[in-house]
Amino acid sequence: MRISQALSVTLHDYHPPRDAMGEEVLSGLQQRQKTLPCKYFYDERGSALFDAICELPEYYLTRTELGIMETHVADMAAMLGPQLTLVEPGSGSSLKTRLLLDHLREPVAYVPVDISRAHLVNAADRLNRLYPDLEVLPVCADFNQAFEVPAPRRTAERTAVYFPGSTLGNFPPVEAVPLLDHMRRLAGPGGALLLGADLRKDRDVLQRAYDDAAGVTAAFNLNILERINRELDGDFDLGRFRHRAVYNETEGCIEMHLVSLGSQIVRVSGESFGFHDGEHILSERSYKYSLEGLTTLALRAGLSLEQHWLDDRGYFCVAYLKPKHP
Ligand code: AVJ
């Protein structure tokens, strides 16, 4: 871990080495079902495209979650309590966080954790200027790997982990349980978790949210190939892959694919990968939950769902979770 000064904030840097991406990408492409880890969507362009996705009419998630937050933020802040250290894994642009910060009583520190360093530092710097009484302590890390929450100068009453945006949905249940368990440990025995989760719903609504008319999600999906070309010496022909989003009803998840148009051979870091016509790379899974499913998942991670808030259509859920055995 490196500690450095970036803009107005001190950065705790656990950024994985560059070859970590190479290893994960190559091993994903070597599998029978070729896959790419979705965390690598978020280079600078990918992060900007994701911000654009959040504004799309079809992408109801961000808007709906924000609506739930706006309506119930006072309740949430009351449950979270005063003098908090708020940790946010996968903080991105920290858009929803401000609403929460504005309602918390005397929050002590905000710890945004993100893999995209430039995006993280900019967001942290902005918040640091906006909230002079708050200690903003950005951590650059893959939040699924080990990192420590930097100690704020003032001691906090408790630690809460804010995990909005249905980021949890990117993890299949076998990975979601250890991840939630990790967050429970970050929060500690007296801590809490505020979690945003997308709920199961009509297939067409879901598929449109991941295959918008303007093609922003398609550009977001294809951008991972461009990143591989640039950073891992790849030669993907972006005109020969097509974006596809399908709802897998059995698994309860949206799958994003990159479909090969024709048979072709692609080289990445000196290795060759053959594609036949119509073969696809699985680039992202986005799990959708039922309330019961979410409750059981949380229980398996030692967390009990104490309270939850929904929008009128029941599209999205924000849940307040506490360690089962404090
Ligand atoms: C950032 C994981 C919540 O799954 O909805 C948006 C990512 N992918 N459109 C999601 C995403 C395609 C997003 N999460």
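Taking amide H positions as modeled 1.01 Å from N, with prolines and chain starts lacking one, the residues under 5 Å from Y162 and 5 or more places away or on another chain are V87, E88, L194.
When the chain is treated as a Gaussian network with alpha carbon springs shorter than 10 Å, the biggest mean-square fluctuation among A123, A214, A141 belongs to A214.
What order, most packed first, do the peptides 101-109, 195-203, 156-164 have when packing is the mean number of other Cβ atoms within 10 Å of each residue?
Details: 101-109: 17.9, 195-203: 19.4, 156-164: 23.3.
In descending order of packing, they fall as 156-164, 195-203, 101-109.
Across the stretch 272-326, the mean sequence separation of Cα contacts (distance under 8 Å, 6 or more residues apart), normalised by length, yields a relative contact order of 25 percent. Across all directions, the average projected area of the convex hull around the alpha carbons of the chain is 16.0 nm². Under 5 Å between amide hydrogens, built in the peptide plane, is the criterion, and for E306 it picks out Y320, L321, K322 among residues at least 5 positions away or on other chains.
Once the Cα-Cα distance is subtracted from the 0.36 nm per residue extended length, the T250 to H325 segment shows a gain of 23.7 nm. For the stretch 137-237, a/c is not less than 1.5, where a ≥ b ≥ c are the root eigenvalues of the C-alpha gyration tensor, and a/b does not top b/c. That puts it in the oblate class. Simple point charges give the picture: +1 on the Cβ of Lys and Arg, -1 on the Cβ of Asp and Glu, and for the stretch 92-204 a dipole about the Cα centre of about 160 debye. Farthest toward the positive end of the dipole of the chain, out of A219, G196, P82, is the Cα of P82, where the dipole comes from beta carbon charges about the Cα centre.
Grab the Cα-Cα distance for I3 and E175, subtract it from 0.36 nm times how many residues apart they are, and report the gain in nm with one decimal.
On the way: separation 172, 0.36 × 172 = 61.92 nm, distance 2.92 nm.
Separation in residues times 0.36 nm, less the Cα-Cα distance, equals 59.0 nm.
A protection proxy built from the mean count of other Cβ atoms within 10 Å ranks the segments 17-25, 282-290, most packed first, as 282-290, 17-25.
An oblate overall shape is assigned to the stretch 39-161, the ratio a/c of its alpha-carbon gyration tensor axes (a ≥ b ≥ c) being 1.5 or greater and a/b not exceeding b/c.
Roughly how many Å² is the accessible area per residue of the chain, as a whole number, for a 1.4 Å probe?
On the way: 14340 Å² over 326 residues.
Heavy-atom SASA per residue in the chain reads 44 Å².
If you roll a 1.4 angstrom probe over the protein chains with everything in place, what fraction of the accessible area of the stretch 1-154 belongs to carbon and sulfur, to the nearest %? Exposed carbon and sulfur together represent 51 percent of the surface.
Counting only Cβ charges, +1 for Lys and Arg and -1 for Asp and Glu, the dipole size of the chain around its Cα centre is about 520 debye.
3J(HN,Hα) along the stretch 95-100, derived from phi through the Karplus expression 6.51 cos²θ - 1.76 cosθ + 1.60 where θ = phi - 60°, amounts to 5, 6, 5, 4, 4, 5 Hz, with x in place of Gly and Pro. Look at where the Cα atoms of the stretch 215-281 and of the stretch 287-317 average out, and the two centres are 32 Å apart. Over all other residues within a Cβ to Cβ distance under 12 Å of F220, the charged ones net out to -4, with Lys and Arg as +1 and Asp and Glu as -1. Distance from the Cα centroid of the stretch 84-143 to that of the stretch 1-57 is 18 Å (rounded to whole angstrom).
The values are calculated or read from the model by the stated rules, or taken from the named source; none is laboratory data. Everything numeric here is computed off the predicted structure, so don't read it as measured data. Note that we place each Cβ from the backbone using ideal geometry, even for glycine, and neighbour counts take in every protein chain shown. When the accessible area is computed, the model is the full protein with side chains, heavy atoms only, and any ligands, DNA or RNA have been set aside. Shrake-Rupley method; radii C 1.70, N 1.55, O 1.52, S 1.80 Å.
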